[in-house]
Amino acid sequence: MNETTYNIGLSLSGGGAKGIAHLGVIQALEEFGLKPEIIAGVSAGSIIGALYADGKRPKDICRFFKESSFFKFVSISLNKGLMSSKRFYDLLDNYLTSKTFEELKLPLIINATELIDGKNVYFTSGSLIDKIVASSSVPIFLNPAEIDGKMYVDGGIFCNMPAKIIRPKCQTLIGVHVNPILSDSDINSVSDVMERVYHLVIQANTVTEKKVCDIVIEPIKARNFGMFEISKSQQLFDIGYDAAMRKLETIYKT
């Protein structure tokens, strides 16, 4: 029998800049007295989860994104046609107090895709920033990340809302999916095609993860924003907050 260790568990999906909506959701959860005690996150969710587990407040993290232009870290590599994640790593290194999982104030689980063997891998210990970079390395857009001789890309390929991994560890599991797919998106370039295919893949693998959650919060309005629209940070924060408040009010208020 699995032993319940934590009261509130939180699963955070990927979604690029739309991941900022996670911050609004967390703000609402705190206001309802539902403070997360364990977090699992992938891609953008791993970034938000790590910063929150590091002890930073949701509004302060949102301010950091706005002031640092966080998702503009990429520099085009003309030789490979991909983007370098060096500035991404440096930004995290400068802002995160914790450099390892063990230093975080909350337990955190991050998943990434091992590129050669083609499997989903969960990280729970050791160095932190390289695992976040690995989890967030979206194929086509970012170079694969190397850890201990193995290459990793975005964990959302196999699991874009890691909920099952923490289900046995918490009394109440809240899943947040900030990457709902548009049914009428414009496709005008090769990159549009690749982003659409990517979204279709990750949309499919969230179905079973959602089913194990007690509460699923899905800020639908976030789907109108692009993966790198960091300039809309406050709007995305508010969208997440409003969606969470509406959901929680239907559950906890009579």
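Of note:
- With viscosity 1.567 mPa s and temperature 4 °C, the Kirkwood radius over alpha carbon pairs of the stretch 6-252 converts through Stokes-Einstein to a diffusion coefficient of 74 µm²/s.
- Once both labels are positioned 7 Å from their Cα atoms along Cα-to-Cβ, the gap between Asp93 and Glu146 label points is 1.6 nm.
- Once the Cβ-Cβ distance of Lys221 and Glu249 is raised to the sixth power relative to R0 = 22 Å, the FRET efficiency obtained is 0.80.
- For Glu67 and Glu103, a Förster radius of 30 Å and the Cβ-Cβ distance give a FRET efficiency of 0.80, rounded to the nearest 0.05.
- Simple rule: put +1 on each Lys or Arg Cβ and -1 on each Asp or Glu Cβ in the stretch 6-252, find the dipole, and look at Ser43, Leu236, Phe64; the Cα lying farthest toward the positive end is Leu236.
- When the chain is treated as a GNM with alpha-carbon contacts under 10 Å, the residue of Thr172, Thr97, Thr206 showing the greatest mean-square fluctuation is Thr97.
Every number here is computed from the coordinates shown, using simple stated rules; none is lab data. Worth saying up front: this structure is predicted, and the values here are computed from it rather than measured. Please note: Cβ atoms are built from the backbone with ideal geometry, for glycine as well, and neighbour counts cover all protein chains shown.
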